Amino acid sequence: MIFKFLNKDKKKTDTNVESINTACLLIHAAKIDENYTSEEREIIKKTVMKLYPDLDNLDNIISKAEQKENDSNHIQEFTRDVKSLSMENKIIILETLWKIILSDGKSDIYENNLMRRLAGLLYLDDKIVGEIKVKVLNNK
């Protein structure tokens, strides 16, 4: 009985770590153009809630993710959890990344470079990344 209880707490902690790292990745994309807006923050919150509906305190998760992203020098630690997600969830994240990047109506070379790097780190085909970009552009 105690072991089930301990496993439950471990699972919750793992979900929090995974959700924080996912949010960090999205925040990193939002900050890459040096203009992290409240609109981008709301997009990130909606996506994290969609991917992790059992979170207790979303604002706390986002705040921790903002601090962690601010203190980090590389994105590999954020992609570690994301690359183990299902393809469906990776596509949700890619759509969100493009929504964030294109929220100001354009994507610059740094944002495009980030998406190419993420495609490799998440083991995604460039074609899929491009198709999702076109989808997001068409839905604007």
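All of the numbers you see were taken from the coordinates with simple rules; none came from a lab. Owing to the predicted nature of the structure, the values given are computational and were not obtained by experimental measurement. Positions of Cβ are generated from backbone atoms using ideal geometry, with glycine treated the same way; all protein chains shown enter the neighbour counts.
Within region 51-71, take every residue that is without any contact (Cβ under 8 Å) to a residue 24 or more places away in the chain and in a helix (DSSP H, G or I) and give me the one that is nearest to residue 88 (Cα to Cα).
58
Out of region 86-117, which residues are surrounded by fewer than 18 Cβ atoms within 10 Å (Cβ to Cβ), of a type in the set (A, V, I, L, M) and touching a residue at least 24 places away in the same chain (Cβ under 8 Å)?
Within region 86-117, 91, 92, 102 qualify.
Out of the residues in region 72-84 that are outside any helix (DSSP H, G or I) and in contact (Cβ under 8 Å) with a residue 12 or more places away in the chain, state the one that is surrounded by the most Cβ atoms within 10 Å (Cβ to Cβ).
Ranking the qualifying residues of region 72-84, first place goes to 75.
State yes or no: is residue 127 free of Cβ contacts under 8 Å to residues at least 60 places away in the same chain, charged (D, E, K, R) and buried (at least 17 other Cβ atoms within 10 Å of the Cβ)?
Taking the combined requirement at face value, the residue does not satisfy it.
Looking only at region 16-50, how many residues end up being of a type in the set (Lys, Arg), touching an Asp or Glu at 6+ places or on another chain (Cβ under 9 Å) and under 21 Å from residue 91 (Cβ atoms)?
Total meeting the criteria: 1.
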